[in-house]
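Q: Next up is a structure, given as structure tokens.
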Amino acid sequence: MDTRVVKKKLGLKDRYAANTRGLHWETSYQPMDKVFPMDRFEGIVIHDWDKWEDPFRLTMDAYWKYQSEKDRKLYAVIDAFAQNHGDLGVTDARYVNALKLFLQGVTPLEYYAHRGFAHVGRQFSGAGARVAAQMQAVDELRHFQTETHALSHYNKYFNGLHSNNHWFDNLWYCSVPKSFFEDAYSAGPFEFLTAVSFSFEYVLTNLLFVPFMSGAAHNGDLSTVTFGFSAQSDESRHMTLGIECIKFMLEQDPVNVPIVQRWIDKWFWRGYRLLTLVAMMQDYMLPKRVMSWKEAWEMYAEASGGALFADLARYGIRLPKGWADACEGKDHISHQAWSTFYQYGHAAAFHTWLPSADEQAWLAGKYPDSFDQHYRARFAHWQRHAEHQPPQTEAEKDDPAQGRWFNQFLPMLCQVCQVPMLFTEPGDATRICFRQTDWRGQQYHFCSSHCQEIFGDEPEKLSQAWLPVHQIYQGNCYPEDVNPASPGDSPVREMLRYLGINPGEDNGDFDTSRDRANFAKRSQRKATQAK
Ligand code: FE
Ligand code: ZN
């Protein structure tokens, strides 16, 4: 009765502090080090967690309101899209293969990110970092759900969208994104944030989301554009967490600088290798192109990344070690990757095709220093095979055209990034880059000096990588009724059966696909109805 209630309105900053830092306490029954055992072992020294700043100052209460509002809008658009057969509005059915790749390789990463942030949200002993990580954990779970819902409409009308979860764990090229994230979330909490929040979300995210989302807009895919926008506002918060974490570590103690630098070197390179799939998607899988991978790299990596690292120089941080090689790769990686997927178009879970004459002209214009010199001839050669044309040059005279070329041999994979050995030497685009390390009596193979160096820093961890091609040849990706030692054994056929990929239906050449035929038929029907 006697207590006087002071009605004092707190400012935004104080209210945020009361809602977040005010909820934090120092443990007394058990020492803090025992309750939070993880944020020390990486060697990062933190003197004062209160120096952690949260520029967004979002409370949980406001967070739920914002997010539910966004979800309501998003699901209204998705419903309308489904009811109006929005998928028939895309440029052509080839486009849907970019969505398949997205759903197979990117959407599961959202779920991994959710788990990773939930984990570090528990492990940091500082309240500011914990709150930011917890909110991001919820965001990422939402991204996984909205992407799955938005793309589920396509599963009604297109092949190759039915078993993404099984594929993510077993399909060879999915191991590239999967191993990236498993390496990150099995690291300590500070390395996880450097990997995901800084190197991926702050430095490289525009290279993933901008091409995909403007690609979707250019190709008439409204549902993808909408989930992209819905995720974008979260993304700016996530990027802030990335840069905040880096600056915080660097400002807290000089011993942190070399540790952070090593992580930046590692995760920039791993992120760059992962983006090979995006580069390929952008240059080859969008029927209507937005910009080339090379242009995107110059805009989002070279220009803005360059400025970022100039800014971080005051802490003693330099450009990531692989920077120059990544910049050189902008002329090559999309062509090298699509050439590989084209050859393995019978072993993937989407369709592949040769770029048309117009598309090759576009590529030659965008890549004046590499396309005609190194890549056009490959496509011409495969075209000749596909069309059963007779040999056209002296060199081809012993090479009868046998139809659409599918490579029956499985490639060697890089132990670290898990991309097949398809990249070339820096400075020489005619030689495959290949590195090898012997460790504890075993040989390990790498696509580049950078992946080799990453392995050298953590061989105990990275020697345990689950490499799909090794697993297939060891018989671990076969259905149970198969004897891998039997003479007629076909690793690719059995692998597809194990994966639940229907040969020729979920994969193979686009030109002869059911996806293409169905899309044409449904478009025709819609046109007739409109008359
Ligand atoms: Fe996300
Ligand atoms: Zn590699």
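The values are calculated or read from the model by the stated rules, or taken from the named source; none is laboratory data. Just so it is clear, the model here is predicted, and its values are computed rather than measured. So basically every Cβ, Gly included, is an ideal-geometry build from the backbone, and we count neighbours across all protein chains shown.
Q: Please count how many residues of the stretch 301-326 are under 13 Å from residue 275 (Cα atoms) and either surrounded by fewer than 20 Cβ atoms within 10 Å (Cβ to Cβ) or among the polar types (S, T, N, Q) (or both).
A: Total meeting the criteria: 0.
Here's the yes/no breakdown for (1) within 28 Å of residue 219 (Cβ to Cβ); (2) in contact (Cβ under 8 Å) with a residue 40 or more places away in the chain:
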position	(1), (2)
41	no, yes
68	no, no
72	yes, no
86	yes, yes
89	yes, yes
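Q: Here's another thing I want to ask about it. Could you run through the stretch 91-114 and say how many residues are touching a Leu at 6+ places or on another chain (Cβ under 9 Å) and either more than 10 Å from ligand 1 (Cβ to nearest atom) or not in a helix (DSSP H, G or I) (or both)?
A: Result for the stretch 91-114: 13.
Q: Test residue 217 against the stated conditions and say whether it is small (Gly, Ala, Ser) and surrounded by 22 or more Cβ atoms within 10 Å (Cβ to Cβ).
A: No: the conditions fail for residue 217.
Q: Could you check the stretch 23-38 and list, in sequence order, the residues that are assigned to a loop (DSSP other than H, G, I, E, B) and surrounded by 10 or more Cβ atoms within 10 Å (Cβ to Cβ)?
A: Listed by number, the residues that qualify are 24, 27, 31, 36, 37, 38.
Q: What is the number of the single condition among (1) at pLDDT below 95; (2) of a type in the set (Lys, Arg); (3) within 15 Å of ligand 2 (Cβ to nearest atom) that residue 384 does not meet?
A: (3)
Q: Looking only at the stretch 302-320, which residues are of a type in the set (Lys, Arg) and over 20 Å from residue 249 (Cα atoms)?
A: none
Q: Within the stretch 230-243, is even one residue buried (at least 23 other Cβ atoms within 10 Å of the Cβ), within 16 Å of ligand 2 (Cβ to nearest atom), over 21 Å from residue 150 (Cβ atoms) and not aromatic (Phe, Trp, Tyr)?
A: Checked against the condition, which is being buried (at least 23 other Cβ atoms within 10 Å of the Cβ), within 16 Å of ligand 2 (Cβ to nearest atom), over 21 Å from residue 150 (Cβ atoms) and not aromatic (Phe, Trp, Tyr), the stretch 230-243 yields no hits at all.
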